[in-house]
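Shown next, in structure tokens, is the structure this report addresses.
Please treat every number below as a calculation from the coordinates, not as lab data. All values derive from a computational prediction rather than experimental measurement. Glycine also receives a Cβ, built like all others from the backbone with ideal geometry; neighbour counts cover every protein chain displayed.
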Amino acid sequence: MIRRSPLPDEIARPRVVAIGRGLPAERIERIAEGLVAGGIQAFEITLNSADAFGAIASLAERWGDRLLVGAGTVLDVEGASEAVDAGARFIVSPHTDPALIDWAVGRGLPVFPGAFSPTEILTAWRAGATAVKLFPASVAGPAFVREFRGPFREIPLIATGGVTIESAPAFLAAGATVVGLGSWLTGDGEPEGIAERAARLIRTLASGVA
């Protein structure tokens, strides 16, 4: 039997992960404040951001009881290990690396490897992925998700990469389990606007109408 960690409720319920890529370190706390106020419960900080490990650590300490903090753009086990030491509670990668997946599963961590083709997605799933990140989702489109679900209904997909509030409902309607959104949510880093956009996104995903 394949071992895999379950999809956290903080991601499964709202069906969205906020993605922080290249965010100014001095604004990260205010961005988190806005996300929490708007109903977002999971925040991925990509490791190619400035002081990513410091940002993960500060978010985990300040917001860890209300926000599931994870690490994104994780390319290897070394980066994953440092991120987890900083406080990351899930791992996201842009590619499928069975060694990285196995490392995360062995530690009980949800892991979302990136994949694009049916072969890559199935490989990631069989390696123990919690869910597979369809990346870049904007290139594949909702039609790919719908057709993929035919033979592979058991594999949960997280549509990430170019997803907008307008396209997110279509990805979920086509069969994606979760969507990931970045710059549209975080905007200029001001918590009031972030909270408004986050709440609007949560309502949109619940209703299925952008």
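Things worth noting here:
- Modelled spin-label separation between Phe152 and Glu82, with each label point placed 7 Å from Cα along the Cα-to-Cβ direction: 3.1 nm.
- Rh (Kirkwood; distinct C-alpha pairs) - the chain, Å: 16.7 Å
- Ratio of Rg to Rh over region 53-167 (Cα coordinates, Kirkwood Rh, two decimals): 1.00
- Residues Arg107, Arg21, ranked from the fewest to the most other C-beta atoms within 10 Å, line up as Arg107, Arg21.
- The modelled label-to-label distance between Ala206 and Ile165, using points 7 Å beyond Cα along the C-beta direction, is 1.5 nm.
- Helix-only mean residue ellipticity at 222 nm for the chain, each DSSP H run of n ≥ 4 adding -39500 (n - 2.57), per residue, nearest 500: -13000 deg cm²/dmol
- Extension gain (nm, one decimal) between Glu61 and Ala99, 0.36 nm per residue minus Cα-Cα: 10.8 nm
- Sequence-distant contacts, meaning Cα pairs under 8 Å at least 6 residues apart, place the relative contact order of the chain at 24 percent.
- Within the chain: Cβ-based charge dipole about Cα centre, in debye rounded to nearest 20 (Lys, Arg +1; Asp, Glu -1): 820 debye
- Cα-based Rg and Dmax for region 146-210, where Dmax is the largest Cα-Cα distance (Å): 13.0, 43
- Dipole-positive endmost among Gly150, Gly193, Gly54 within the chain (Cβ charges, Cα centre): Gly150
- Taking Cα centre as origin and charging only the Cβ of basic (Lys, Arg, +1) and acidic (Asp, Glu, -1) residues, the dipole magnitude of region 33-104 rounds to 300 debye.
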